[in-house]
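Take a look at the structure set out below.
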Amino acid sequence: SPLSPTGAQTTQLLVEPPWTPAVLEDQVTLTCQGSGTAGATTWYKDGQRWGQNRSDRFTVTESGTYTCDRPGSGLSPPVRVLNDRLVLQVPARTLLEGDTVTLRCRT
């Protein structure tokens, strides 16, 4: 993700359970974190404004690529939620060279 100026807050999209890509059947919850007024979150699904939910947290019911926007901290990185039959997942966190990583194969 792009570097932000020192001290700048960035918008984060947290995934629960913390695996990526997320799988619809896991009842995925997305939480938008950033500065700005609570409840002022704008959600996007597949690049389109998705105004069905203005809260900071919701449970996903449709596959797609989600982002959120918070005033003062901008647009989050995207999160993919899949409805595929076979998915290879990695932990939804920053991975660094040398880390031990557990992979999940979902069928």
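No lab work stands behind these numbers, since they all come straight from the coordinates. Because the structure is a prediction, the values reported are computed rather than measured.
Worth pointing out:
- Binned Cα-Cα distance frequencies in the range 12-106 - 10 Å width, integer %: 16, 47, 28, 8, 0
- Sorted largest first, the spans of the alpha carbon positions of the range 68-107 along the three principal axes are 38, 31, 8 Å.
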